[in-house]
Amino acid sequence: MNLEGWKRIFIRAAGFGAGAILMLVVCAGSLYWWSNRPKPWSDSAISATYTQISLHEENEEVQVSFEYSLTNHTNAPYSLPTTYSGALMRRIPKEKSFEKFDTGSWDDTLVIPPGQSFNVRFNVVYKLSEYGTTTAELNTLEPGEDRKKEASQALVKFMNRRLNEVDGLVFYDYVNHYRIELPRNWEFKDLEK
């Protein structure tokens, strides 16, 4: 075989090699795009049913716990995200918009198996100084008020105003792109102290 024949073989082999490398790069790029493509938001992967609401007063704060039973409708175990990759929002009745509870927290170690329901508490802290009141003021009894009640009239009025500012909750899981409706089936009379 002469030098011309070897050149042709070398050029064909180089062309075949370059084509194979180009195909591998295109396949790897497509696979990367497919795995990182934007996921659509799901409203039905996890559903919630109200179970109870409770409150706890401490250190000039009132912590309200909204408890819901979350049901996993997916085929994989579901972990609630951390506070950095999830958000608890309140629905504002007048504006028909959402506002994040900056003090919202939940148990991010909980894993809900497929098809199962677990109770989850979403906690919100109301700092009384932001509302111009104190724990002492909220626990002051009005004339004729009986201490046997769970909450003073001042605390009941305060919490009714706060709860009237919330027309249900929505939990956003930014990692899995889940939107979980937490319906308002609660009233202050349901509060357990």
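The values are calculated or read from the model by the stated rules, or taken from the named source; none is laboratory data. Because the structure is a prediction, the values reported are computed rather than measured. Note: ideal-geometry Cβ built from the backbone for every residue, glycine included; neighbour counts use all protein chains shown.
When the criteria are applied in full, T103 fails the requirement of being assigned by TED's automatic domain parsing to the domain that holds V175, free of Cβ contacts under 8 Å to residues at least 60 places away in the same chain, of a type in the set (V, I, T) and within 22 Å of N176 (Cβ to Cβ). Of the strands (runs of 3 or more DSSP E) contained entirely in the range 2-111, those carrying at least 3 residues that are among the polar types (S, T, N, Q) fall at 46-58, 61-72. Taking residues in the range 156-178 that are without any contact (Cβ under 8 Å) to a residue 12 or more places away in the chain, and partners anywhere that are of a type in the set (S, T, Y), the pairs with Cβ atoms closer than 9 Å and at least 6 places apart or on different chains are R161/Y131. Counting only residues that are loosely packed, with under 13 Cβ neighbours inside 10 Å and in contact with a helix residue (DSSP H, G or I) (Cβ under 9 Å, 6 or more places away or on another chain), the range 61-118 holds 0 of them. If a residue must be in a strand (DSSP E or B) and within 22 Å of S69 (Cα to Cα), how many such residues does the range 112-135 contain? Residues in the range 112-135 being in a strand (DSSP E or B) and within 22 Å of S69 (Cα to Cα): 10 in total.
Across the range 139-193, the qualifying residues are those that are among the hydroxyl-bearing types (S, T, Y) and at pLDDT 85 or above, and the one among them that is surrounded by the fewest Cβ atoms within 10 Å (Cβ to Cβ) is Y174.
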